[in-house]
Amino acid sequence: MRDKLAERLNVEFRERESVETLRELASRFQGKIVFTTSFGIEDQVITDMIFRNDIPVKVVTLDTGRLFEETYKVYNRTLEQYNKPIYTYYPRHELLEPFIAEKGPNSFYLSVENRKMCCHIRKVEPLGRALSEMSCWITGIRASQSQNREDMEFFEWDEAFSMIKYNPLLKWSLEDCREYVKVNHVPYNVLHDRGFVSIGCAPCTRAIQPGEDFRAGRWWWENNSKKECGLHSH
Ligand code: SF4
C-alpha cells in the first residue's frame, strides 16, 4: 500500500520538473512537508529552489555540535541571502552527556558501534524529532553518491520514518549541482573547492582524491559497506 504510493508518484511525476513537483507536493502535503539540509552543494540547490520560489516547505537542519566552521558560514550566508527560516535540531543532552562521559569525545574512531551510537545521538534521534508529524521528506540524495544509492527512485517509501521521501536531484551529477550553484549565485560550502564532496561532521569527513569514491571521505577508517549513518534507509 505504502510502496504503491511511491510507485504512483513515480509514474505521475516522471516528466515533471523538480520545482513544479516541489510546488505540487507542498500543496498536497500542506504543513507536513519537510526538507533536511546539511548545507552540502546538493542541499543548497534544493534550498534555492524552495526559497527562491516561495514554496511552503519547512527547511530544517541537524546541528551535531561537530560541524565544520565553513558549514556554519554557509548556513549563515543562506539565512542572509534568502531571509527565510531554517529550523535547527540539536542532540538531546541527556543522551549525549552520559555517552561522552563513558566513551570520551572521539570514541567513533575506536569502533563501528561507538560511531553508530554517536551518529544515532547526534543525527538520527534529532532527525526523528524533525520528521515527526511530517508526511513527506525531501532529500538531496543523488544516485551517483554511492553504490547503495544507485537503485533508488525519485519517490521512495522510507520504512524507518514511515513516510514518503522525494529525491529531486536523484539523476543530477555533481557537475550539474556545481553549474546550478554558479549560474544562480547560490551560497555554497567552500570546502567543496578543497576536495570535499560529502560534508558531514569535521572529525569524520576529509577531502577525497580525484577518482576516489564519493563516500571515501566519510568514516574512511571503516569498511565501505558500513558507510551510512542511519539517516537514509531504502
Ligand atoms: S559523523 Fe562522526 S561526529 Fe558526526 S555524529 Fe557521526 S560519528 Fe559522531
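The values are calculated or read from the model by the stated rules, or taken from the named source; none is laboratory data. Since this is a predicted model, take the numbers as computed values, not measurements. Methodologically, a virtual Cβ is constructed for each residue, glycine included, from the backbone with ideal geometry; neighbour enumeration extends over all protein chains shown. With ligands, DNA and RNA removed, areas are computed over all heavy atoms of the protein, side chains included. Shrake-Rupley method; radii C 1.70, N 1.55, O 1.52, S 1.80 Å.
Relative contact order for region 89-137: what is it in percent, counting Cα pairs under 8 Å that are at least 6 residues apart? Could you put the intermediate results ahead of the total?
Numbers: 25 pairs, mean separation 24.6, N = 49.
That works out to 50 percent.
Which of PRO168, PRO85, PRO98 ends up with the largest GNM mean-square fluctuation for the chain, with Cα atoms connected below 10 Å?
PRO98
Roughly speaking, what is the centre-to-centre gap between region 177-201 and region 97-120 when only Cα atoms are used, to the nearest Å?
Computed from Cα coordinates, the inter-centre distance equals 29 Å.
Would you mind calculating the gained length between GLU159 and GLU133 on full extension (0.36 nm times residue separation, minus the Cα-Cα distance), in nm to one decimal? Numbers along the way, then the final one.
Working: separation 26, 0.36 × 26 = 9.36 nm, distance 1.52 nm.
Computed gain between GLU159 and GLU133 is 7.8 nm.
Can you pull out the GluC sites (Glu not before Pro) in region 77-156 that DSSP calls coil and that have at most 12 other Cβ atoms within 10 Å?
Sites meeting the loop and neighbour criteria: GLU133, GLU150.
Ranked by accessible surface with a 1.4 Å probe, highest first, in what order do ASP54, ASP43, ASP213 come? Before the final figure, lay out each step's value.
Values: ASP54 100, ASP43 15, ASP213 70 Å².
Listed by decreasing accessible area, they come as ASP54, ASP213, ASP43.
Sequence neighbours fewer than 8 away in the same chain don't count; with that in mind, list the lysines whose C-alpha is under 23 Å from LYS103.
Here the lysines satisfying the reach criterion relative to LYS103 are LYS116, LYS123, LYS226, LYS227.
So the label point goes 7 Å from the Cα of HIS93 along Cα→C-beta, right? Which residues of region 113-146 then have their backbone N under 17 Å from it?
Label zone hits: 122, 126.
Cα centroid distance between region 13-27 and region 145-165, in Å?
17
Tell me the trypsin sites (Lys or Arg not before Pro) within region 86-173 that lie in a loop according to DSSP and have at most 13 other beta-carbon atoms within 10 Å. Intermediate values should be presented prior to the final figure.
Values: sites: ARG92, LYS103, ARG115, LYS116, ARG122, LYS123, ARG129, ARG142, ARG149, LYS165, LYS171; in loops: ARG92, ARG142, LYS171.
Here the sparse-neighbourhood loop sites are ARG92, LYS171.
How large is ³J(HN,Hα) for each residue in region 94-108, as worked out from phi by the Karplus curve 6.51 cos²θ - 1.76 cosθ + 1.60 (θ = phi - 60°), to whole Hz, x for Gly and Pro?
These are the phi-based 3J(HN,Hα) values: 6, 8, 6, 4, x, 4, 5, 4, 7, 10, x, x, 10, 5, 4 Hz.
How far apart, in nanometres, would the label points at SER111 and GLU69 be if each is projected 7 angstrom from Cα along the Cα-to-Cβ direction?
3.5
With a probe of 1.4 Å, find how much accessible area region 64-118 has per residue, and write the answer as a whole number in Å².
Dividing the accessible area of region 64-118 by its residue count gives 63 Å².
Which whole-Hz couplings ³J(HN,Hα) result when phi for each residue of region 15-28 is put into the Karplus expression 6.51 cos²θ - 1.76 cosθ + 1.60, θ = phi - 60°, listed in order with x for Gly and Pro?
Using θ = phi - 60°, the values come out as 9, 8, 5, 4, 5, 4, 5, 4, 4, 5, 5, 4, 6, 6 Hz.
Using 0.36 nm per residue, how much length does the chain from TRP221 to ILE100 gain when fully extended, once their Cα-Cα distance is taken away?
So the chain would gain 41.5 nm between TRP221 and ILE100.
Relative contact order (percent) for the chain, with alpha-carbon contacts under 8 angstrom and 6 or more residues of separation? Display every interim value, and only then the final one.
Details: 341 pairs, mean separation 56.9, N = 234.
RCO, the chain: 24 percent.
Could you calculate the contour length gain from GLU80 to HIS185, that is, 0.36 nm times the residue separation minus the distance between their Cα atoms, to one decimal place in nm? Write down the numbers at each step before the final one.
Details: separation 105, 0.36 × 105 = 37.80 nm, distance 1.32 nm.
Here the answer is 36.5 nm.
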